[in-house]
Amino acid sequence: PMLEFLGKAPRQAYITHSEQYLKVVYGQDVFGKLAANQLEKGYIHIFSDSGFAAEVEKVIERAGIENCMIIQIERKGCSFDFDSRNWVNIPGLFRVKLFNNFEPSVYLTEGFRVVNTWLNYGYPDVV
């Protein structure tokens, strides 16, 4: 907890601002709209954090589902307990799990391998 955040931890203050102001005023998909507006053709865009289908759906609307994938990162001892986010599961959207139980260089290499495989072999028929 910090005085600058009125006694809340910074993360909790940001969550409160998001849930009680931004999403109330601009809609549950506000962060998806902002992300989708940043997309440019010819580039790979990586969004490091999303736990809400409404956000992901806005990116899919803009880019097309065949141009999107979710890399679900899991690590032992980490969960969405006490969090407003959850795993996003959108029918038809390719999703792969990546386990973050390695040294950073191994984890990064595995992430690149997953993306390169997807880019080189296309969107799978079976999701």
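The values are calculated or read from the model by the stated rules, or taken from the named source; none is laboratory data. Quantities reported herein were computed from a predicted structural model and do not represent experimental measurements. Note that we place each Cβ from the backbone using ideal geometry, even for glycine, and neighbour counts take in every protein chain shown. Each accessible area value is taken on the protein alone, full model and side chains, heavy atoms only, with ligands, DNA and RNA left out. Shrake-Rupley method; radii C 1.70, N 1.55, O 1.52, S 1.80 Å.
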Practice prompt. Please find, among Leu22, Leu34, Leu39, Leu108, the residue that is farther than 30 Å from Gly122 by Cα and without any contact (Cβ under 8 Å) to a residue 60 or more places away in the chain.
Written response: Leu22
Worksheet item: Can you find even one residue in the stretch 34-51 that is open to solvent by 50 Å² or more (accessible area, probe 1.4 Å), in contact with a helix residue (DSSP H, G or I) (Cβ under 9 Å, 6 or more places away or on another chain) and not in a loop (DSSP other than H, G, I, E, B)?
Response: yes
Practice prompt. State yes or no: is Gly111 modelled with pLDDT under 90, in a helix (DSSP H, G or I), surrounded by 11 or more Cβ atoms within 10 Å (Cβ to Cβ) and of a type outside the set (Phe, Trp, Tyr)?
Written response: yes
Discussion item. Consider the stretch 12-33. How many of its residues are more than 19 Å from Arg62 (Cβ to Cβ) and either surrounded by fewer than 12 Cβ atoms within 10 Å (Cβ to Cβ) or among the small types (Gly, Ala, Ser) (or both)?
Written reply: 6
